[in-house]
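Engineer: Just dropping this structure here.
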């Protein structure tokens, strides 16, 4: 296992490259997921407010 | 019938520019300033200066043209003339081409005429200065044509719109590469016809392809 | 038949529901291909005789570089469809793609320079491919900047479509002029940045990773499109049921 | 027979429905007054009719053809006057008008147009030196010296004094009686004969 981690002496380069990739790709999925939740909350908030204005 | 309008737009823009001299001088002053600042930073070693001359002069010309492009639509946009032009019975891309040509006459041509002066400062001999002027003559219209697209896209923006237009500079890369390569080839004594033909091809491409997106972008910015 | 399906597919509520299911299925596929690609690339593939194990970065760098161009094409095509036929869905796709494309371009740049470090000792090399990738990143930033700068969403997406169209015409020109410029200044050096001779065991994981990245793009695009659609249609009745459903 | 027909035009701005299913048709010899409180979308509607703003849903057609199909031909028939006067300050009055004429096809004498709006003798003054009202009159003079059948006027009376408004109402009446058509938004009460007036409230 340690031989695998060592990557023939290039461990730092290979794993930093893969590390950056995981970061970028995860962010790429996380961001829309959170935005989606935020948009849903915003819209329901606006609609509830809209309903309240209507019946005042 | 369209040619009359084409000429009218050019004449009007030239007239406006001459009545409003400051804009004219700005881009030329910027060009001279940037080119003459470099030796102060890089040192006056003539061999080095001669080596970087094509690149420095061309990048300065590129930026000078781009900065002066902002006026192309901005004043018309602010006083409503842009709407008048968009609603004329003539194809908008034709009128846009007229405006770009007027802009080229006001910035591209002066830059080309002043370049030999600055090239002299960098120790270029006459033959490479001739090639420099040729590349500027062919290259500056391409810069105006492509730049016009970005300016049309961002003319309606209030905040930071101008800076955004800078992001069209990547499209200037081919022009910069072939122009500076032509001058380097001349300095090294090689024939320059290859690079010059590439520049002419880019000019033909820009002339035919860029007015249409500029016109559509103007309609976008106004809607 | 196709038009009917396209019409049905493009109606917002239908698309919203369908994309929800699609994302789930695609993520399963993504995990599968990713696992295959990574395992193949990191473990099975033999080390390169010249670069040793550092060549394994190729399994991230090359698919990312392919994706950066692929996404630009997808964006330009969907932008043109949106401009010409005014199909709302195409507009949303062409607007949601730039951030993902920028991500992949950035990834290609970073992994490229990390890969170059052991070979040439410097983080940045004016290699033709890396330079073109850098310019492509500027193009993506321009698109994202333009979209965020314009308030009205419809005009913003059409302006982005125009810039993307102009971009797609210029990308080959930029690429070849940079390539030409590179050979001019660097001359025939041995550190040509091409892929090592591809052995079949090395190629399979590369293709798996490429497919995995395409699946990833589809998922990210669907997620962003659902979000964009929700924002644009927030007054629509179908949004009502979506709110109850959640 | 050139008529302007609008069928269920709708417009959405900032996620809010500004107006919807607006339908009307305007025949030569009529003036359509569009009323509505601020923010009701009057200007947006006019800009859509002028082809400046893209039309998402609904159809605007002139002489039976949609204005998108007509494109340049539509602009031979229509003149739009917005909030901005479209006047170049560094050009003189006659240069401004001459430029507008060079952009259009059917034109008439500049001096007559200036006389009608009360700007005679201003031919060679730089537009910069005109007052706001005079600049507005210059924009109106432009309408007169380029012959367009359909006028679309957005608040044309701003910065005009009483007599100038009356003068301009006369010009509208004259234009309409010669078979022209006018669409206008204004807050001033319009005194034109009701026979030629149509009203639309947003």
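The values are calculated or read from the model by the stated rules, or taken from the named source; none is laboratory data. Model, not experiment: these values are computed from the prediction. Please note: Cβ atoms are built from the backbone with ideal geometry, for glycine as well, and neighbour counts cover all protein chains shown.
Table: residues versus (1) within 30 Å of residue C:235 (Cβ to Cβ); (2) surrounded by 11 or more Cβ atoms within 10 Å (Cβ to Cβ); (3) modelled with pLDDT under 90.
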{"position": "C:2", "(1), (2), (3)": "no, no, yes"}
{"position": "C:13", "(1), (2), (3)": "yes, yes, yes"}
{"position": "C:18", "(1), (2), (3)": "yes, yes, yes"}
{"position": "C:23", "(1), (2), (3)": "yes, yes, no"}
{"position": "C:31", "(1), (2), (3)": "no, yes, no"}
{"position": "C:39", "(1), (2), (3)": "no, yes, yes"}
{"position": "C:44", "(1), (2), (3)": "no, yes, yes"}
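Engineer: Of everything in region D:72-124, what is in contact with a strand residue (DSSP E or B) (Cβ under 6 Å, 6 or more places away or on another chain), more than 10 Å from chain B (Cβ to nearest Cβ) and assigned to a loop (DSSP other than H, G, I, E, B)? Give them in sequence order.
Structural biologist: Residue satisfying the conditions is D:124 alone.
Engineer: Now a separate question. Out of (1) crowded, with 16+ Cβ neighbours inside 10 Å; (2) closer than 22 Å to residue D:29 by Cα; (3) under 16 Å from the mean Cα position of the chain (by Cα), the odd one out for residue D:104 is which?
Structural biologist: (2)
Engineer: Of the numbered conditions (1) buried (at least 20 other Cβ atoms within 10 Å of the Cβ); (2) at positive phi, residue D:99 fails exactly one; give the number of that condition.
Structural biologist: (2)
Engineer: Does any residue of region A:2-15 turn out to be at the interface with chain C (Cβ under 9 Å from one of its Cβ atoms), under 17 Å from residue C:223 (Cβ atoms) and in contact with a helix residue (DSSP H, G or I) (Cβ under 9 Å, 6 or more places away or on another chain)?
Structural biologist: no
Engineer: Do you know which of the residues in region B:137-169 that are at pLDDT 90 or above and more than 15 Å from residue B:73 (Cα to Cα) is farthest from the other protein chains (Cβ to nearest Cβ)?
Structural biologist: Looking at residues that are at pLDDT 90 or above and more than 15 Å from residue B:73 (Cα to Cα), I get B:137.
Engineer: Further question: Restricting attention to region A:22-49, which residues are under 13 Å from the mean Cα position of the chain (by Cα) and facing chain C (nearest Cβ under 7 Å)?
Structural biologist: Result: A:24, A:25, A:28, A:29, A:32, A:33, A:35, A:36.
Residues checked against (1) under 30 Å from residue D:20 (Cα atoms); (2) out of contact with any helix residue (DSSP H, G or I) (no Cβ under 7 Å at 6 or more places or on another chain); (3) touching a residue at least 24 places away in the same chain (Cβ under 8 Å):
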| residue | (1), (2), (3) |
| --- | --- |
| D:40 | yes, yes, yes |
| D:54 | yes, yes, no |
| D:68 | yes, yes, no |
| D:83 | yes, yes, yes |
| D:111 | no, yes, no |
| D:114 | no, no, yes |
| D:118 | no, no, yes |
| D:127 | no, no, yes |
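Engineer: Picking from A:30, A:25, which residue would you name as being within 29 Å of residue C:98 (Cβ to Cβ) and surrounded by 12 or more Cβ atoms within 10 Å (Cβ to Cβ)?
Structural biologist: After ruling out the rest, the residue left standing is A:25.
Engineer: Further question on the same structure: Count, please, the residues in region B:183-223 that happen to be part of a helix (DSSP H, G or I) and more than 14 Å from chain D (Cβ to nearest Cβ).
Structural biologist: Count: 25.
Engineer: Kindly indicate which of C:70, C:55 is touching a helix residue (DSSP H, G or I) at 6+ places or on another chain (Cβ under 9 Å) and either part of a loop (DSSP other than H, G, I, E, B) or modelled with pLDDT under 90 (or both).
Structural biologist: Exactly one residue qualifies, and that residue is C:55.
Engineer: For region B:196-212, which positions are in contact (Cβ under 8 Å) with a residue 60 or more places away in the chain and either surrounded by 22 or more Cβ atoms within 10 Å (Cβ to Cβ) or within 23 Å of residue C:176 (Cα to Cα) (or both)?
Structural biologist: B:196, B:199, B:200, B:202, B:203, B:206, B:207, B:210, B:211
Engineer: Now for a different question. How many of the residues in region B:4-50 are closer than 30 Å to residue B:79 by Cα and outside any helix (DSSP H, G or I)?
Structural biologist: Residues meeting the conditions: 1.
Engineer: Checking the structure you have, find out if any residue of region B:40-47 is modelled with pLDDT under 90 and either closer than 27 Å to residue D:83 by Cβ or facing another protein chain (nearest Cβ under 9 Å) (or both).
Structural biologist: Within region B:40-47, not a single residue is modelled with pLDDT under 90 and either closer than 27 Å to residue D:83 by Cβ or facing another protein chain (nearest Cβ under 9 Å) (or both).
Engineer: Can we say residue B:118 is surrounded by fewer than 21 Cβ atoms within 10 Å (Cβ to Cβ) and closer than 23 Å to residue B:24 by Cα?
Structural biologist: Answer is no for this residue.
Engineer: With surrounded by fewer than 24 Cβ atoms within 10 Å (Cβ to Cβ), touching a residue at least 60 places away in the same chain (Cβ under 8 Å) and at negative phi as the only criterion, which of C:90, C:128, C:161 stands out?
Structural biologist: C:128
Engineer: Assess whether residue B:218 counts as being buried (at least 18 other Cβ atoms within 10 Å of the Cβ) and either under 24 Å from residue C:135 (Cα atoms) or under 15 Å from the mean Cα position of the chain (by Cα) (or both).
Structural biologist: no
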